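What follows is a single structure, written as structure tokens, with notes after it.
The values are calculated or read from the model by the stated rules, or taken from the named source; none is laboratory data. Values in this document were obtained by computation on a predicted structure and should not be read as measured data. We place every Cβ from the backbone using ideal geometry, glycine too, and count neighbours over all the protein chains shown.
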Amino acid sequence: MTERTGRETDAELRTGAETPVDPEDLAMAEGLDPTPEHVEAQRRRIEREGAQRATEETAP
């Protein structure tokens with residue numbers, strides 16, 4: 001077993017890009033309650049801009 005030094009290798013680092021972007025998360029990141037209207041607006045935004053761009057503009 002390898003001793004952990006507290007430093008992860010590049011392969012072990014997580015950026016969050018491994019998981020899908022949820023419209024609910026984008027709504028909350030914008031400071032909005034995840035109401036059906038806000039979630040739908042963020043879902044359309046993801047469709048229009050793409051998940052990566054919408055995420056980067058919300059949480060650079």
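Can you pull out the residues in the stretch 47-60 that are over 11 Å from the mean Cα position of the chain (by Cα) and either of a type outside the set (Lys, Arg) or part of a loop (DSSP other than H, G, I, E, B) (or both)?
Within the stretch 47-60, GLU47, GLU49, GLY50 qualify.
Looking only at residues in the stretch 11-36 that are assigned to a helix (DSSP H, G or I) and surrounded by fewer than 11 Cβ atoms within 10 Å (Cβ to Cβ), which one is modelled with the highest pLDDT?
Checking each candidate, the answer is PRO36.
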